[in-house]
Amino acid sequence: MNDPKLKNREKSVWFSVLFDFHRTKTLKRLLVSMLLVGAYAFVVDYIESEMLHIDFRPPSYVYSMLGIVLGILLVFRTNTAYDRWWEGRKLLSKLGYNWKNVALKLNAFLPANDQENRKYFAAMIANHSYSLKESLRNGVKKHELVEAEPGMLDNLDKIYHVPNYFAAGICNRFNELYKRGVITDMQFLELSKHIDDASEVVSSCERIHTSPIPFSYAIHLKKFLFAFVLILPFGFIHDLGYWCILIVMLIFYAMVGLDVIGEEIEDPFGQDENDLPFDAICKSLKKSVNEILIQPTVNEFVKA
Amino acid sequence: MNDPKLKNREKSVWFSVLFDFHRTKTLKRLLVSMLLVGAYAFVVDYIESEMLHIDFRPPSYVYSMLGIVLGILLVFRTNTAYDRWWEGRKLLSKLGYNWKNVALKLNAFLPANDQENRKYFAAMIANHSYSLKESLRNGVKKHELVEAEPGMLDNLDKIYHVPNYFAAGICNRFNELYKRGVITDMQFLELSKHIDDASEVVSSCERIHTSPIPFSYAIHLKKFLFAFVLILPFGFIHDLGYWCILIVMLIFYAMVGLDVIGEEIEDPFGQDENDLPFDAICKSLKKSVNEILIQPTVNEFVKA
Amino acid sequence: MNDPKLKNREKSVWFSVLFDFHRTKTLKRLLVSMLLVGAYAFVVDYIESEMLHIDFRPPSYVYSMLGIVLGILLVFRTNTAYDRWWEGRKLLSKLGYNWKNVALKLNAFLPANDQENRKYFAAMIANHSYSLKESLRNGVKKHELVEAEPGMLDNLDKIYHVPNYFAAGICNRFNELYKRGVITDMQFLELSKHIDDASEVVSSCERIHTSPIPFSYAIHLKKFLFAFVLILPFGFIHDLGYWCILIVMLIFYAMVGLDVIGEEIEDPFGQDENDLPFDAICKSLKKSVNEILIQPTVNEFVKA
Amino acid sequence: MNDPKLKNREKSVWFSVLFDFHRTKTLKRLLVSMLLVGAYAFVVDYIESEMLHIDFRPPSYVYSMLGIVLGILLVFRTNTAYDRWWEGRKLLSKLGYNWKNVALKLNAFLPANDQENRKYFAAMIANHSYSLKESLRNGVKKHELVEAEPGMLDNLDKIYHVPNYFAAGICNRFNELYKRGVITDMQFLELSKHIDDASEVVSSCERIHTSPIPFSYAIHLKKFLFAFVLILPFGFIHDLGYWCILIVMLIFYAMVGLDVIGEEIEDPFGQDENDLPFDAICKSLKKSVNEILIQPTVNEFVKA
Amino acid sequence: MNDPKLKNREKSVWFSVLFDFHRTKTLKRLLVSMLLVGAYAFVVDYIESEMLHIDFRPPSYVYSMLGIVLGILLVFRTNTAYDRWWEGRKLLSKLGYNWKNVALKLNAFLPANDQENRKYFAAMIANHSYSLKESLRNGVKKHELVEAEPGMLDNLDKIYHVPNYFAAGICNRFNELYKRGVITDMQFLELSKHIDDASEVVSSCERIHTSPIPFSYAIHLKKFLFAFVLILPFGFIHDLGYWCILIVMLIFYAMVGLDVIGEEIEDPFGQDENDLPFDAICKSLKKSVNEILIQPTVNEFVKA
């Protein structure tokens, strides 16, 4: 689902995966910055060795100490972002099994020939997932939604919060069924808690989407990293000469790459390469719910 | 919501974000301390190199070892603070979806024309959130509250715990509706658990607000850091001369900055730049709950 | 609540908090040990430089490596202790909102004039919290308890587990009310789960109180630290002379301080400076519950 | 269950476990890569010392710093994978006790002579576990399943999601029993929540199976590691001569081994040596459920 | 409960705890290995300095880097083990409060004079805990169990899973009481969930007991450590001479000790010094449950 490359664990040479050159996104994004840093290192190098000979050569442990502390900070920052990515993955998983459970229960609770309600719920559940996906990407894609009732999608752009709109529709229909005696109070209780869980998923996804890591934390890390890169060439010149440009660029790439990856994965609901397969999850959920609630073939099996 | 800058990930040069000079709050707060530290380094430097030549030059691994251990401590301290910030964010999210669920259920349970109860609950839910916000900021802002019943806000300054006061009002109204048979026992059960969750949110927010990191932990960290800075210049003088002032100030800034950020984000309910958007969350909740419970346009959609 | 000093974040100079000399508890506790270590360093120094010249001078990376590994171990150990402290804080918070919820519900369920039951529950809830506090401090303070029924406190010293005794009283009273039809089965269900939560809090607090970190872990850490301090002076003598005593004492203080803080905060229910404000929490809970259940003024507000 | 070797803690010599040479899977998988790295080190060595004498000798702290940061990254990566492995283990445990609880309850709820339903549920529960196991290994093993009803397994290859198919069967049968009055509504409520838990387990296992660590994270780590190994020999040549090949291979093995182990354990549902004993768990569950629901001997004990 | 020594925090000298020589279990277990390592260091030393002078002297940063990475790995490994130990402690705590809650509820639900059922449940709850303890130690101790019904313990050796056997007995008795109308459906619901929780505790304990850390992780760590110790003496000889033996043994002890402690505490249900006080917990539970359900003196208090 995410990447078949990573699963190819039988390759006899460990580092063969590195030579898929089309997969160097992080590299591309950092290219300009890396060239600037390389140019800076060259200038420092040139001035220092050819023109004036400043007495600025911090002892090695300054680099060692600052570099390791910085590295630990970056590892923690990346892991914080990874935690959000993983929580996002868990939430999408919960979205799926929560609505599948609703479908399983409705299939058991509703009469087999109540096609109206079955179709209604199948449509609304799919609508809820699709609209959540687009609301996290700041929009609505009307063509992904199903008109569960006539006119339902007409005024969609006036709705403040579209996923809640569909949840409210499902909630009201549950209540109607309960009042009309189609479902008992135990069944109603069972169904209600799934609405709560769906709301929790929606809110939690929005929380991850709207709350990046605290600004002062992120900016301090960037400043620290920047200052570290600024003083880096001074320590290498006397040992390495112009080779120092290479080493400075390598260290820059290794460390800033972690920061960039942290930014990429901390909001996992977009459409980047590392983002979660939200479209596929919605599609699969829609298919499953339709199979359970509507398609006769499946019902035959299940009821057999 | 938090900061559009951080989201601007398409910038071609990674470090361009650093040159927004108006965003250097941490720097400003540490300026005086940094100047003092710089002055101290200068004095040590001057005395050492110009006047008396003390034989105090700790070997480099002392700095390396202490610096790395200190760095790890600081990273952990910052992450502990971040955990509280993130838990605070989760709690506000829970506050929101919890009350929205109550509104969804009440909308389904109450008769469409029971405007009295609908208005009452919409007002009380908003009151609960706003009063929680201000109680975490040590006060009450009466103009943010709605008078759900005549005289309700008159004696507010005599109430020991204002959010509990509104929760009690909601709880009693649920019980009345139950006793009068407006809602069934299953519906009552459904509603009751949301009161519990609201109480949990209130208590947890108060816990984060009133419990900073254990004092001896925080103070030991500060002492360690201070002692480290005190012996720092002695290791650089012979290598760096007066350049050492710069390096000492950089290390001081990098490390103490982490401590300061930890303090800033461990209580996330204030009004600092890094604090959570509590006002916006309250406003959005009030709007949503009003739409669900009162406004006819939304009800039309939902009931359509 | 914990310490106003820590909250004073507006101070212009970061390290001003360090000069509150009356707050150096950790320092005091370690004073004798530090002096012994200093004396040891002096003796090693003296023998080495004045009398015999042993060829024992481990290379610097031995210190660097051992020191950093030791530091990481100590940071983890401190954080393990901090986790218990924080879990303890959460439990006390849960104790509070759990009983407050019970009070809110009883206020809604019981007739307004049923002063007998209201007083009984208000007293029993307070008794439960206070007796938990003292049972974690290995005792009972009879004067903190209220006699909810005549003779209830007479044989308290024969009771094996006092908080359970009060919980059993509350549990039985709930069941009586249910059997007499004062509360419905839904209400009974609502109340019962709070008894479970209270039991969980009691057991979890006892777990934290009686289970320090595994002995072999703690003792290995101490041995490692001790061995490290023993070989520490040999690495400094040739570089530092008698200044080495100062550095050895500093490193000893920085590292052992972490171990001592870990021990201090891992059992947070005592009466040390870093322990949780259990007395204040009990007092506040008693006040809140009384306001909700008994005092007419509050009932007036709530029922208004 | 996993490995008796690891449990043999009474061995007098700690490292005796290392000499079970048949257990060197990681070594084997990395052999080719290690030889390539060794050859590379030899070439660098030869060119450098025999032919041209490049002035490329990065100072030692570059290696130290990069190596430690890399090590920390690898440790975190391994622990992330371990967390998935452990979560997978918890899920299988939950699968087991969830279905055992269903069996215990059905045994209590169903009449002792209702062999039809008892057999049906015993078969379906076993089917659910076995089909989950194979669906995580991308297939179905029909011979492991029991035909709970005639024709049930005939069209298995047309079913989109086999574990859901069996869960739906169980769910429907619960509902039938409830409608026919065999079980009360409380009993039905009790049973329903176990269906939810089973769905959660299925979805969570699928989540772990289909979501490896974000690609950019994994690939950055590999690139960093690769670059580090590339520059590694240059630092050793002058100190070590051809011995450097050995050290380079050792460092490569130690670090890449962590990456490889991370990949091995992050999807724990396969049939590798480190994977979870899923087959044994299914077998044990089937046996337990059969004993509880069907076998007269056990029922005799339990009913005695 | 665990160790009074650790609690003795008032001792004026921090390291006095180290001189309880009877408490050096880890030391004893590692003695043979340490002597072997010492002998190895001596042999390397002797050959190197007296006979042939190999040019194998890895630069210091190799040791520093490998040592720190190894140390971090070991710290993580120990903490993983500690997490299991602590989870085990939580589970035993949950076992206790779960059954105590059952006892509290049964005491409220059952008529005061229903000695038969009271004795039955008190016996079965104790049996469940004791049999869980022994099943985690691979056996049954019949003399610890009570014969709640005649013949109940006769065929114990034919039972596949003894704790489940007792849980099934309790579960069936609950159901009988419910069918006979002794307890209402709400009370039955309350009791049922405790059976689920008991099953969860049993399964979770078994999970911890049967799943050590993944084999490839553990073995890689051991290999890494072993290789590190093998090359360790070469770095010291020139600096330290025969003193190097001491340092090698110290580093070996410090690092391997962490691995050994990890193995000791990752399965906390045995009878080692570091294992959990399972016997005491069972005894205390039995006593509490008996007091609540049977002994007249306690009932008098509680019913007073």
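Annotations
- Check: the protein assembly as shown dipole with +1 on Lys, Arg Cβ and -1 on Asp, Glu Cβ, in debye: 2620
- Chain C - percent relative contact order, Cα under 8 Å, separation 6 or more: 37
- If you sort the three axes of the alpha carbon gyration tensor as a ≥ b ≥ c, you get a/c of 1.5 or more for segment B:35-148 and a/b above b/c, which makes it prolate.
- Proxy reagent accessibility, fewest Cβ within 10 Å first, across D:His128, B:His238, A:His220: B:His238, A:His220, D:His128
- Sorting E:Asp197, A:Asp114 from the fewest to the most surrounding beta carbons within 10 angstrom yields A:Asp114, E:Asp197.
- The residues packed around B:Leu293, meaning those with a beta-carbon under 12 Å from its beta-carbon, carry a net charge of +3 if Lys and Arg are +1 and Asp and Glu are -1.
- 7 Å along Cα→Cβ, label-point gaps from D:Ala112 to other copies, nm, shortest first: 3.5, 3.5, 5.7, 5.7
- Ranking of E:Asp279, A:Asp45 by count of other Cβ atoms within 10 Å, fewest first: E:Asp279, A:Asp45
- For A:Leu246, the point set 7 Å out from Cα toward Cβ sits 2.7, 2.7, 4.4, 4.4 nm from its twins in the other copies, listed from shortest up.
- Most fluctuating residue given options B:Ile47, B:Ile294, B:Ile247, as computed from a GNM of chain B linking Cα atoms under 10 Å: B:Ile47
- The magnitude of the dipole of chain C, with charges of +1 and -1 set on the Cβ of Lys/Arg and Asp/Glu and taken from the Cα centre, is near 700 debye.
- Kyte-Doolittle mean at least 0.0 and Cα axial length at least 18 Å: DSSP H helices in chain E: E:25-46, E:60-109, E:215-240, E:244-266, E:278-293
- Annotation for segment A:60-146: trypsin sites (Lys or Arg not before Pro) lying in DSSP loop with at most 15 further Cβ atoms inside 10 Å of their Cβ are A:Arg137, A:Lys141.
- For E:Leu91, net neighbour charge (Lys/Arg +1, Asp/Glu -1) across residues whose Cβ lies under 11 Å away: +2
- If you sort the three axes of the alpha carbon gyration tensor as a ≥ b ≥ c, you get a/c of 1.5 or more for chain A and a/b above b/c, which makes it prolate.
- In this structure, the pairs whose alpha-carbon distance is over 26 Å, taken from E:Lys94/E:Lys287; D:Lys142/D:Lys193; A:Lys286/D:Lys287; C:Lys28/C:Lys223; A:Lys94/D:Lys90, are D:Lys142/D:Lys193; A:Lys286/D:Lys287.
- Computed over the protein assembly as shown, the per-residue total of -39500 (n - 2.57) for DSSP H runs of n ≥ 4 gives a 222 nm mean residue ellipticity of -24500 deg cm²/dmol, rounded to 500.
- Overall form of segment A:78-212 per C-alpha gyration tensor (a/c, 1.5; a/b vs b/c): oblate
- Cα centroid separation - segment E:196-233 against segment E:88-147, whole Å: 31
- With 20 Å bins from 0: P(r) over the protein assembly as shown, alpha-carbon pairs, percent: 8, 34, 38, 17, 3, 0
Coordinate-derived values only; no laboratory data. Treat the numbers as computed from the prediction; the structure is a model and nothing was measured. Heads up, the Cβs are rebuilt from the backbone with ideal geometry, glycines too, and the neighbour counts pull from every protein chain shown.
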